[in-house]
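One structure below.
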Amino acid sequence: MVPSCLLPTMQGSCFNESGLGLEILCDSKTNSTDYLNMLSEHISSLQGSFSYPKKLALSMVTIPRSTEHNSFSQLILLPLLTATCEASIMPVCKRVAVIGAGPCGLGTVKNFKDEGLEPVCFERTGHLGGLWRYHDEDMDGVASVMKTTIINTSKELGACSECPPPAEYPNYMHHTLMYQYIKFLAEKSDSVRHVKFHHETKSIEKADDYEKTGRWKVTCKNTQTGELVSDIFDCVCVCIGHHVYPNEPVFPRQEEFEGKVMHTHSLKKVDGFEDLRVVVVGVGNSGMDAAVELSAVAKKVYLSSRRGAWVLPRVGPRGHPFDAVFVRRYLHLMQHLLPYNLVCYVSEKQINERFNHDLYNLKPKHRIWSQHPTVSDTLPIKLLSGTVVTRGGIKHFTKKGVVFEGEQEETEVDVVVLATGYKIKFPFLADDILQVVDNKVRLYKFIYPPDLPHPTLAILGLVQPSGPGFPVGEMQCRWTARIMSGKMDLPSKEEMNADIDKKLEFIRKRFVDSPRHTLQVDFISYQDELGEQIGAKPNLLKLAFTDPKLFWAIFTGPSLPYQYRLQGPHPWPGARDAILTYKERVVTPLQRPGQKYGRRNRGLLSLSTGFLIKLLFILPILWLFYSLFFTNV
């Protein structure tokens, strides 16, 4: 690099579209060619760290030489060059196109900003929130919930890792509160200004220099003006989720049916279903919700299923949120140590104590943890009251209704609602970029296509965790931000494909073979896997000796997302307190106005059975750690 004392001073330097304009002050004896050569050498030495325009427009200004001015130039003006030059030739951030402004898209914007990237988010509607913003209109390619939807996971387990939901929010939030929470997070992180509303992504193609740079050409349509706009981005993150394109199977003789066939994607309200006879096909979460809600106004609701389902409640033991009781690290460890069939036997026995799945004709052939959790508290009473009745799969349609499997008689119905899931589709991506076969996608860590030469395209939010999706999506965003910012590298193509094969084989062996179970990940294991790679996974061994109280809360308490902000990139100082005080936020919405939650002091005689089981389980583990690391063999 040319020393600053040998270079002229630049005044009024600036960037514009045509290049970098510089005004150089020098004396009358300056050889402008020499200075230009030195300046070129100086600029070239910065190539490794800076991006700068190729063109340099230099304006030479001659000033009279004098002893006074010469002294001033040498001592003050000339040494300023390096600072002026380097301030003018600023690092250019990588520009990242983010497709979709739902929770995952907004999380991508926030976390990519944290890593010094420049996100531009394209949202086809005029609103944030994605799936969680209710709208009456049935819009193709836009996910939405029913007007009565309540989330299936409790607020603490499904929180943002840096910002717990307000304490007064109920543990299972109505979709309107979920939407308000998402908006609050977006505004808090200043992510909204990065969103281009009314921009529908039409195509994502490799840029002309892709092989060298990995850049992408993104073409969007302004849905208000119809104008097509293209731009080049260093990276692209697709965050449209997997509840966008309905899977609508066609049944035998369906064309004969005179009634209405629709998908739950189009079901917004129960208005218009009064006194009708309705068949709901499918016993996933959307099927359960549809059957329960429609039964309040319909004459009869038939819940049709080919294989049945295990139904989990929201309300767990002693009225606590079900997931907060059972999604815990010590139980997760036990599930991995004990035989799978034994774990399922105990779990099924517990669930059947609430209502007997065999008696209600819902018991499937597969084990309880071989399916994505189906959640409903209301279905048992609907079945007991007869407003919902279970039936087998549809054998074929008739003019006035359907014939169910195992039956010969026609069942007259007016409407058939298909709760048959969604197709994984990316219409703006060509097959040579990302191919979907039988609703399966080959992605490293369920994020990266392994066959692309550059790590500049990521698919985020395309997972189906065994717990809340919000923190899993956030962890994906954090992990991907480290990759795209150049702070982490992907392994070789061979290693990525081996990892993909391993995960797909696990899904094939563990879960029911259906389009619904192609994206399954374990809530704790998957977050740990990504968190460990970025240094955010909590160090339990260290905490056991340095902060036993926090260790106990993390290991035996609910697996809260705040634990992944204790260490690693962008830690949150409030993480420890959020973990230790979660019970207060669980209890607060259940209190009356003016009433405050007070923790009771319990003596040894009043310790719960659950606490003693945890203690007996954890003491041998602590002893093992101690004997391995703190004793001389």
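Going by Cα centres, the range 103-118 and the range 149-170 are how many Å apart?
Here the two parts' Cα centres lie 20 Å apart.
Which pairs break 23 Å Cα to Cα here: LYS440/LYS502; LYS268/LYS300; LYS268/LYS382; LYS113/LYS202; LYS147/LYS382?
Violating the 23 Å limit, Cα to Cα: LYS113/LYS202.
Given a 1.4 Å probe and the protein chains all in place, what does the accessible area of LEU543 round to, in Å² to the nearest 10?
30 Å²
Along the Cα→Cβ direction, 7 angstrom out, place labels at LYS596 and GLU248. What is the inter-label distance in nm?
5.7 nm
Starting from the 7 Å offset along Cα-to-Cβ, what nm value, one decimal, do you get for the label separation of GLU211 and HIS336?
Between GLU211 and HIS336, the label points sit 4.4 nm apart.
Sorted by accessible area (1.4 Å probe), largest first, how do LYS299, LYS395 line up? Each step should come with its number before you reach the end.
Details: LYS299 145, LYS395 70 Å².
Descending accessible area places them as LYS299, LYS395.
Report the paramagnetic label zone for GLU529: residues of the range 430-456 whose backbone N is under 12 Å from a point 7 Å from Cα along the Cα-to-Cβ axis.
443-448
Starting from the Cα of GLU405, step 7 Å along the direction of its Cβ; do the same at GLU258; then give the gap between the two resulting points in nm.
Once both label points are built, they end up 2.9 nm from each other.
Provide the FRET efficiency to the nearest 0.05 for the THR148-LEU580 pair, computing r from the beta carbons and using R0 = 45 Å.
The value I calculate is 0.80.
Heavy-atom accessible area of VAL244 with all protein chains present, probe 1.4 Å, nearest 10 Å²?
Near enough 10 Å² of accessible area.
Quick check: with the 1.4 Å probe, what order do TRP132, TRP310 take by accessible area, largest first?
TRP132, TRP310
Which order do THR387, THR374 take when ranked by solvent-accessible area (1.4 Å probe, heavy atoms of all protein chains), largest first? Intermediate results must be reported in sequence, preceding the final value.
On the way: THR387 45, THR374 0 Å².
Sorted by accessible area, descending: THR387, THR374.
Could you tell me the calculated FRET efficiency between LYS423 and ASN539, based on Cβ-Cβ distance and R0 = 45 angstrom, to the nearest 0.05?
Given R0 = 45 Å and the Cβ-Cβ separation, E is 0.65.
How much length is gained if the chain between VAL229 and ALA498 is pulled fully straight, taking 0.36 nm per residue apart and subtracting their Cα-Cα distance, in nm to one decimal?
93.0 nm
If I ignore ligands, DNA and RNA and count only protein heavy atoms, how much of GLU532 is accessible to a 1.4 Å probe, in Å² to the nearest 10?
120 Å²
How much FRET efficiency would the formula 1/(1 + (r/R0)^6) give for LEU384 and LYS202, where r is the Cβ-Cβ distance and R0 is 51 Å, rounded to 0.05?
0.50
The values are calculated or read from the model by the stated rules, or taken from the named source; none is laboratory data. These figures come from a predicted structure and were not determined experimentally. In this analysis, Cβ positions are derived from the backbone assuming ideal geometry, glycine residues included, and neighbour counts consider all displayed protein chains. Ligands, DNA and RNA are excluded from the accessible area calculation, which covers all protein heavy atoms including side chains. Shrake-Rupley method; radii C 1.70, N 1.55, O 1.52, S 1.80 Å.
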